[in-house]
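Enquirer: Please find one structure pasted underneath; my questions will follow.
The values are calculated or read from the model by the stated rules, or taken from the named source; none is laboratory data. If you're wondering where the values come from, they're calculated on a predicted model, not measured in any experiment. Neighbour counts run over all protein chains shown; Cβ positions are idealised from the backbone, glycine included. Protein only, heavy atoms only, side chains kept; ligands, DNA and RNA dropped before computing areas. Shrake-Rupley method; radii C 1.70, N 1.55, O 1.52, S 1.80 Å.
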Amino acid sequence: MGESSEADPGHLAWPMITAECRPWTRWWWPGSAVADADLERELSRLEEVGIGGVEITPIYGVQGEEHHNLAFLNSPWLERLDHTVTEATGRGMAVDIVPGTGWHFGGPSIGFEESAMTFESAVTRLEAERFEATYDPARLQSLVAYAEDGRTVDLTDEVGDDGRIEWRPEAGSWTVVSILGCAGREVKRAAPDREGLMLSPFHPAAMREYLERFDREFAAYDGPPVRATFHDSFEFDAHWSPLLLETFEDQCGYRLQEHLLALLGETDEDTAARVKADYRRVLSRLYAETITEWMQWNHRRGRQARFQAHCAPGNILDLYALADIPETEFIGDDGHVLASKLASSAGHLTDSRLISAETATWLDEHFTVSLGALKAHIDELFLAGINHIVYHGTAYSPDDAPWPGWLFYASTQLNSRNPIWRDIDALNEYVSRCQAVLQTGEPDADVLVYWPMEDIWHAEPGFAERVPILDRDWFESYSFGRVAGTLQEQGYSFEFVSDRLLEQTHVEAGRIIAGTGEYEAVIVPETTHIPLETMERLLGLVESGATVGFEEGLPADVPGYHELESRRNRLGALCDRITLPERDGLSVARIGDGKFLVGEPESMLAAADVRRESLVEQELQFVRRRFDGGKHYFIVNKGEEPIDGWVPIADSPAAVAGLDPKTGAAAPAAMRHEDEGRAVYLQLAVGESVILRCFEEDVLDEAPRGYYTTGQPVTLNGPWSVTFIRGGPERPPGRELDELQSWTELGELYERFGGTARYETTFDRPPGERWSLDLGTVHSSATVWLNGDRIGTVMDAPYRLSIDDLEEQNTLVVEVTNRGANRIRDLDRRDVDWKCFEDINLVDLEYEPFDASEWDVRPAGLLGPVRLRPREPWLPDRG
């Protein structure tokens with residue numbers, strides 16, 4: 001859309017850009033071998049490109065630099081932290097920290113009882129008249145004998161202090177089951193002085209003691225406050241706790257010890273599934289209680305808690321909902337919008353202002369990711385409801401470290417040594433503008449989609465299987481994934497809701513109120529097991545005037561094992577109150593002031609008169625937020641063709657402005673009335689985005705602007721003067737090119753170069769008053785100068801910029817930056833010893849030792865053709 005308006009800046013202005021609007025980055029401190037001068041330089045570089053804050057994570061060290069390592073939380077380390085936070089605060093930045101090192105809390109102070117335990121089991125069929133065995137008393141959790149007729153004998157207390165047991169069973173066939181706790185993994189990627197066992201995720205008291213120890217060591221810190229502490233995702237195996245058996249009995253009403261055979265899958269399938277579901281629910285609650293200890297600890301100290309719940313063996317939605325800042329992530333190509341909506345849904349239903357995402361975790365191999373790929377990845381996160389990008393990430397590196405400096409093994413390497421850093425400020429400006437809008441107002445969804453955690457707990461194999469929401473195939477294998485995908489494709493805006501979050505809702509004027517949101521309906525995907533409390537809650541919502549829809553039919557069963565028949569009867573009685581006529585298609589049952597629906601999700605939502613955004617039919621995707629006086633739409637063209645036409649929106653504004661987050665331009669948009677809402681004229685290239693600001697009142701007193709038609713192109717044929725201005729391993733000699741080509745084709749020096757080349761040509765003014773400059777093919781970003789004035793940076797196709805003024809004779813300069821892949825390839829082809837990191841060192845996407853020597857050479861530079869197109873202002877016909 002066009003230029004910014006001076007007539008009404010308030011209605012066309014972008015929100016103020018704060019530190020939290022800007023992207024952040026995870027800042028690894030290898031070995032904590034950090035020095036004040038380098039810390040200042042790195043913060044300066046981060047500030048210069050628009051980074052708003054850092055999360056400091058100490059990790060393993062660098063080979064040969066051991067003498068510079070600082071012990072975590074000792075006085076020199078705390079002094080470096082003080083200096084960092086002071087410097088960052090002075091620059092308008094903020095800082096998060098991790099109350100530990102590496103990946104997950106833990107370290108040398110964690111003993112077996114407090115560790116992230118797994119368990120091993122043994123099932124012994126007795127063929128003799130007595131049972132003899134020896135166990136490690138410290139590890140033994142339970143020892144139980146089971147008779148064929150259902151009798152059980154708990155033998156745990158019969159084991160002697162030496163671990164020996166000798167037991168003579170009564171007559172009959174017996175099976176003995178032992179459960180032994182196993183110390184889980186050690187802290188992953190720990191700092192050199194903090195190796196040790198990982199803290200149990202299922203032990204609130206252990207978390208409390210761990211944080212008390214941290215407080216004692218941290219007490220000497222006297223610097224500015226940090227914003228938050230961070231807890232990473234649950235991507236490890238842990239499925240036992242010394243608290244489990246007692247907690248299980250308290251919460252489930254029966255002893256797990258009497259049903260270990262079911263837990264191990266040694267009974268009928270239904271009983272095993274029910275006992276496992278109870279076991280998984282108990283672990284989930286223990287994890288929630290443990291995380292709550294950490295949350296409350298933060299709050300007592302005036303800090304926020306930033307938390308990744310995904311992949312935990314628990315109720316992901318409820319876990320996310322505990323956080324002040326819920327955080328999701330995409331890992332390579334495995335992430336997807338619907339999985340990340342679990343984090344944003346939890347945040348939206350609990351009024352979290354920020355929903356963050358670990359961003360760009362291994363999108364591709366090291367030094368191969370472009371800014372354009374990053375932008376596309378970030379757009380996906382915005383569409384999922386994310387509004388706080390945290391890059392993954394940036395490794396601290398002293399300036400005297402040979403290129404490429406100190407690195408982290410699983411990163412997109414967003415640091416000043418990576419060539420793409422040259423133009424990353426353009427990406428960060430884009431992110432900042434988008435997030436400034438996406439952090440204002442409130443989410444504006446219409447539908448709540450039930451998250452059937454009990455069905456997942458009943459269905460998943462194994463023991464406390466982690467819930468792999470980032471796995472698209474897994475997600476779509478369940479009804480909730482299929483329903484969510486359908487609603488997204490049909491243009492319905494929705495949030496996921498759990499049993500617990502449903503309990504916090506109420507109804508006003510037929511709408512379901514959850515947090516600050518107002519929802520038209522709850523859709524329950526095909527669900528077998530539903531808690532009685534949830535079914536009672538749904539009935540209560542309907543009686544108060546809400547609409548609740550069930551896909552396929554009413555849930556048929558209750559979860560868990562205890563008092564099964566009694567609870568089944570109660571569920572049956574609740575369902576009997578919902579009288580549904582037998583008919584094909586949609587069924588309706590009215591109860592109180594509301595109604596139950598049964599049918600396909602689309603038909604139920606249509607019957608409930610829930611709005612849908614038909615713009616998705618043009619392969620546009622959106623996220624919508626409301627503010628006082630209107631709504632914002634963030635829209636991305638996800639199709640394969642440009643959009644140049646009328647786009648319907650379900651809202652009915654009196655006026656609309658279009659805001660371009662790439663350039664910052666804003667202008668009144670062309671709008672027309674349609675049968676179901678309004679339509680706005682959009683001109684969007686493939687992959688481009690726009691923000692629509694829709695006003696309830698006609699507050700824009702000027703005509704639409706910013707639309708153009710383009711004429712026949714004029715090709716700028718050169719010649720081109722090419723100079724290599726920044727990068728290495730050495731800068732090749734300049735060249736004169738009559739025809740644009742990849743600079744890698746110019747010889748070996750050029751093939752291995754990673755950095756920036758300056759292309760310069762002159763041209764005469766073509767016909768026209770305004771023009772569009774199209775650079776054609778670019779590898780991989782470019783900053784453009786015309787007659788000495790910078791006109792912009794382009795980072796993805798179409799590599800296009802607007803030009804509003806030309807002289808009779810013009811000088812065009814295009815500074816093109818490639819990715820670092822060719823330079824990395826050259827290092828490995830020459831057997832340079834640059835991978836010098838402890839622990840895992842550097843690996844590829846398959847976790848094999850990293851080796852780029854066999855990579856193909858990546859194209860680099862300006863390939864064109866470079867063209868100017870005359871661009872004429874134009875106003876769409878509203879007819």
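Enquirer: Is the range 535-670 rounded, prolate or oblate when judged by the Cα gyration tensor, a ≥ b ≥ c being the square roots of its eigenvalues, rounded requiring a/c under 1.5 and prolate requiring a/b larger than b/c?
Expert: Values: a/c = 2.70, a/b = 2.67, b/c = 1.01.
Cα axes put the range 535-670 in the prolate bin.
Enquirer: Would you tally the net charge around VAL144, using a Cβ to Cβ cut-off of less than 13 Å, leaving VAL144 out, and scoring K and R as +1, D and E as -1?
Expert: Values: positive: ARG151, ARG255; negative: ASP154, ASP157, GLU158, GLU258, GLU266.
Combined, the nearby Lys, Arg, Asp and Glu give -3.
Enquirer: So what J values fall out for the range 660-677 if you push phi through Karplus, 6.51 cos²θ - 1.76 cosθ + 1.60 with θ = phi - 60°, rounded to Hz, Gly and Pro as x?
Expert: Rounded to whole hertz, the list is 9, x, 6, 9, x, 5, 8, 7, x, 9, 6, 9, 9, 7, 10, 4, 10, x.
Enquirer: Once you have the Cα-Cα distance between ILE591 and GLU748, take 0.36 nm times their residue separation minus that, and quote the gain in nm to one decimal. Mind showing how you got there, number by number?
Expert: Numbers: separation 157, 0.36 × 157 = 56.52 nm, distance 7.75 nm.
Contour length minus Cα-Cα distance gives 48.8 nm.
Enquirer: Which of TYR210, TRP743, LEU243 sits closest to the plus end of the dipole of the chain, meaning its Cα is farthest towards the positive end, when Lys and Arg get +1 and Asp and Glu get -1 on the C-beta?
Expert: TRP743
Enquirer: Which order do peptides 98-110, 678-690, 734-746 fall in by mean Cβ count within 10 Å, highest first? Can you show the working numbers first?
Expert: On the way: 98-110: 22.5, 678-690: 20.9, 734-746: 15.8.
Ranking, from highest mean packing down: 98-110, 678-690, 734-746.
Enquirer: Among THR368, TRP28, TYR707, which residue has its Cα positioned farthest towards the positive end of the charge dipole of the chain, with +1 placed on the Cβ of Lys and Arg, -1 on the Cβ of Asp and Glu, and the dipole taken about the Cα centre?
Expert: The one lying farthest along the dipole's positive direction is TYR707.
Enquirer: Apply 1/(1 + (r/R0)^6) to the Cβ-Cβ distance of ASP36 and GLU113, taking R0 = 51 Å, and write down the FRET efficiency to the nearest 0.05.
Expert: Working: r = 41 Å, r/R0 = 0.80.
The calculated FRET efficiency here is 0.80.
Enquirer: How high is the FRET efficiency between GLU552 and GLN809 when r is their beta carbon distance and R₀ equals 60 Å, given to the nearest 0.05?
Expert: Approximately 0.25, to the nearest 0.05.
Enquirer: Which residues in the range 650-681 place their backbone N less than 15 Å from a point set 7 Å from the Cα of ASP644 along the Cα-to-Cβ direction?
Expert: 681
Enquirer: Need one word for the range 32-101: rounded, prolate or oblate. Basis is the Cα gyration tensor (sqrt eigenvalues a ≥ b ≥ c); a/c below 1.5 gives rounded, then a/b vs b/c decides.
Expert: prolate
Enquirer: Another question about this same structure. Using θ = phi - 60° and the Karplus form 6.51 cos²θ - 1.76 cosθ + 1.60, what ³J(HN,Hα) does each residue of the range 11-27 get, whole Hz, x for Gly and Pro?
Expert: Once rounded to whole Hz, the list reads 7, 10, 7, 6, x, 4, 8, 9, 4, 7, 6, 6, x, 10, 9, 6, 10.
Enquirer: With the other protein chains left in place, how much accessible area per residue, in square angstrom, belongs to the chain at a 1.4 angstrom probe?
Expert: Numbers: 33390 Å² over 879 residues.
Each residue of the chain exposes 38 Å² on average to a 1.4 Å probe.
Enquirer: While we're looking at this one, here's another question. I'd like the accessible area for GLU186, computed on protein heavy atoms only with a 1.4 Å probe and all protein chains in place. Round to 10 Å², please.
Expert: Solvent-accessible area, nearest 10 Å²: 100 Å².
Enquirer: Would you work out which of GLY172, GLN257, PHE307 lies farthest towards the positive end of the dipole of the range 164-309? Charges go on Cβ: Lys and Arg +1, Asp and Glu -1.
Expert: Checked the options; the winner is PHE307.
Enquirer: For THR175 and ARG208, calculate 0.36 nm times their separation in residues minus their Cα-Cα distance, and state this gained length in nm to one decimal.
Expert: Numbers: separation 33, 0.36 × 33 = 11.88 nm, distance 3.90 nm.
Computed gain between THR175 and ARG208 is 8.0 nm.
Enquirer: Okay, next question. Pairs of lysine in the chain with Cα under 22 Å and at least 8 positions apart or on different chains: total? Don't skip to the answer; put the middle values down first.
Expert: On the way: LYS188/LYS835; LYS341/LYS375; LYS341/LYS631; LYS341/LYS638; LYS375/LYS638; LYS375/LYS662; LYS631/LYS662; LYS638/LYS662.
Going through the chain pair by pair, I get 8.
Enquirer: In whole percent, how big is the carbon plus sulfur part of the accessible area of the chain, probe 1.4 Å, protein atoms only? All intermediate terms of the calculation are to be shown ahead of the outcome.
Expert: Values: 14340 of 33390 Å².
That share works out to 43 percent.
Enquirer: Taking K and R as +1 and D and E as -1, what net charge do the other residues with C-beta under 15 Å from the C-beta of ALA757 add up to?
Expert: Values: positive: ARG422, ARG726, ARG731, ARG735, ARG752, ARG758, ARG819, ARG823, ARG858; negative: ASP423, GLU730, GLU736, GLU745, GLU751, GLU760, GLU815.
Around ALA757, the surrounding residues sum to +2.
Enquirer: For labels at ALA220 and THR528 in the simple 7 Å Cα→Cβ model, what's the distance in nm?
Expert: My value for the distance between the label points is 5.8 nm.
Enquirer: Per DSSP H run of at least 4 residues, take -39500 (n - 2.57); add these up for the chain, divide by its residues and hand me the 222 nm value, nearest 500 deg cm²/dmol. Write out the running numbers ahead of the final one.
Expert: On the way: 20 runs with 215 residues, N = 879.
Roughly -7500 deg cm²/dmol at 222 nm, from the helical runs in the chain.
Enquirer: What dipole magnitude, in Debye to the nearest 20, does the chain give about its Cα centre under +1 on Lys/Arg Cβ and -1 on Asp/Glu Cβ? Numbers along the way, then the final one.
Expert: Values: 81 positive and 155 negative charges, 312 e Å.
The dipole magnitude comes to about 1500 debye.
Enquirer: Let me ask something additional. Round to the nearest 0.05 the FRET efficiency obtained for ASN717 and ASP82 when R0 = 60 Å and r is the Cβ-Cβ distance.
Expert: Values: r = 58 Å, r/R0 = 0.97.
Efficiency computed from Cβ-Cβ geometry: 0.55.
Enquirer: Would you mind pulling out the separation of the Cα centroids of the range 563-606 and the range 414-478, in Å?
Expert: 32
Enquirer: Counting only other residues whose beta carbon sits under 10 Å from that of GLY393, what net charge do I get with K and R as +1, D and E as -1? Spell out each step's value before the answer.
Expert: Details: positive: ARG26; negative: GLU55, GLU358.
That sum, taken over residues with Cβ under 10 Å, equals -1.
Enquirer: I need the helices of the chain that pass two filters: whole DSSP H segments spanning 15 Å or more by Cα along the axis, and mean Kyte-Doolittle score no lower than 0.0.
Expert: On the way: long enough: 36-48 (18 Å, -1.35); 75-90 (22 Å, -0.65); 204-218 (21 Å, -1.03); 269-300 (46 Å, -0.99); 337-349 (17 Å, 0.85); 371-383 (18 Å, 0.89); 424-438 (21 Å, 0.40); 479-490 (16 Å, -0.39); 532-543 (16 Å, 0.43); 564-576 (18 Å, -0.73).
Passing helices, by number: 337-349, 371-383, 424-438, 532-543.
Enquirer: With +1 on each Lys and Arg Cβ and -1 on each Asp and Glu Cβ, how big is the dipole of the range 240-379 about its Cα centre, in debye rounded to the nearest 20? Mind showing how you got there, number by number?
Expert: Details: 13 positive and 22 negative charges, 130 e Å.
Computed about the Cα centre, the dipole is about 620 debye.
Enquirer: Once phi is turned into ³J(HN,Hα) by the Karplus curve 6.51 cos²θ - 1.76 cosθ + 1.60 with θ = phi - 60°, what whole-Hz value does each residue of the range 831-843 show in order, with x for glycine and proline?
Expert: For the range 831-843, the Karplus-derived couplings read 6, 6, 8, 10, 8, 10, 10, 6, 6, 7, 6, 9, 10 Hz, x marking Gly and Pro.
Enquirer: Continuing with the same structure: Which value, in debye to the nearest 20, describes the size of the charge dipole of the range 581-734 about its Cα centre when Lys and Arg Cβ atoms bear +1, Asp and Glu Cβ atoms bear -1, and nothing else is charged? The partial results should precede the final answer.
Expert: Values: 17 positive and 25 negative charges, 132 e Å.
Dipole about the Cα centre, nearest 20: 640 debye.
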